[in-house]
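This report refers to the structure that appears directly beneath it.
The values are calculated or read from the model by the stated rules, or taken from the named source; none is laboratory data. All figures in this text were calculated on a predicted structure; none of them were measured in a lab. FYI the Cβ positions are ideal-geometry reconstructions off the backbone, even for glycines, and counts take in every protein chain you see.
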């Protein structure tokens, strides 16, 4: 950090302030997303963080790095948001007249949205500290962020600071304004919960992003889904694949239940879909559009994110609704 840059920012130079905090913007937004589970909420929290940093720059004493100071502000904003957030409105799902099979289990996550890969660009320079336990690709995946949402807010923040970002216990304590002992205790409880969730994941690693194998699998899925071919879609799934739809609590496991669920919902008679490819949470994803039977247009219906395992799909996560479209740059309607 340039002392001159900090001095100019304190004197009211907005350009200097932008140069000071700019290198941390992307990682701070991802940090807020991991805590809040929503790309839109993370964007709001980032803006609040930068505003608070600008207004409070005179009080920054320089005992820690600007980066740690910004993480302190961002974490505080996110925890306050979780404490003050009103309950999300109930999801109006399933549609009237749709008969669903009995789910394997009920999910516990009350709110989750996908995160655009374009906002992950440039994070490679922000390498985690030596105490981090998770690779960057795992720590942004839908499965990992979903597991985070099951932790109490303070445990969630501690685990992210220590095991994802690699802050030392003393640094995490400073950020959270608590003792090292409190950090260690919260981290122990969070790890015990998350380890259980982690043990449920597939053994096969996904193919590299942009690889021939990933491209071929995505193409096969797209063609089968747009054709309404339940059998072909199910053939691409692993035997123990999950179909998940946060915040809808219904979760289905296995090919048989997947086939019954898809036949009753996405592939029911009279329904035709278009998939617009994108990437979310480091994984292949799609904007899901439903063709209007009365007009040459397709209406946005939600998003799909694929979790790949080897040459198959181990989880298909659907996000009903259109709230996440804007941050992905996707329109609400498409000419068809």
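Miscellaneous remarks
- Out of 250, 243, one residue alone is modelled with pLDDT under 95, over 30 Å from residue 130 (Cα atoms) and not in a helix (DSSP H, G or I). It is 250.
- Selected residue (criterion: nearest to the chain's Cα centre (by Cα)) from residues of segment 264-298 that are surrounded by 16 or more Cβ atoms within 10 Å (Cβ to Cβ) and not in a strand (DSSP E or B): 281
- Taking the numbered list (1) free of Cβ contacts under 8 Å to residues at least 40 places away in the same chain; (2) over 22 Å from the mean Cα position of the chain (by Cα) in turn, residue 238 passes all entries but (1).
- Meets criteria (within 22 Å of residue 156 (Cα to Cα), in contact with a helix residue (DSSP H, G or I) (Cβ under 6 Å, 6 or more places away or on another chain) and crowded, with 19+ Cβ neighbours inside 10 Å) for residue 48: no
- Scanning segment 129-143 for residues that are over 17 Å from residue 280 (Cα atoms) and buried (at least 19 other Cβ atoms within 10 Å of the Cβ) yields one hit, 134.
Residue by residue, here is whether (1) in a loop (DSSP other than H, G, I, E, B); (2) closer than 22 Å to residue 287 by Cα; (3) modelled with pLDDT of 95 or more; (4) not assigned by TED's automatic domain parsing to the domain that holds residue 31 holds:
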{"position": "64", "(1), (2), (3), (4)": "yes, no, no, no"}
{"position": "74", "(1), (2), (3), (4)": "no, no, yes, no"}
{"position": "81", "(1), (2), (3), (4)": "no, no, no, no"}
{"position": "95", "(1), (2), (3), (4)": "yes, yes, no, yes"}
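- Only a single item in (1) part of a loop (DSSP other than H, G, I, E, B); (2) in contact with a helix residue (DSSP H, G or I) (Cβ under 6 Å, 6 or more places away or on another chain); (3) touching a residue at least 40 places away in the same chain (Cβ under 8 Å) is not met by residue 134, and it is number (3).
- Taking the criterion of being touching a helix residue (DSSP H, G or I) at 6+ places or on another chain (Cβ under 8 Å) and closer than 23 Å to residue 204 by Cα, the residues of segment 245-277 that qualify are 252, 255, 258, 259.
- Residues in segment 173-183 that are surrounded by 15 or more Cβ atoms within 10 Å (Cβ to Cβ) and more than 20 Å from residue 42 (Cβ to Cβ): 173, 174, 178, 182, 183.
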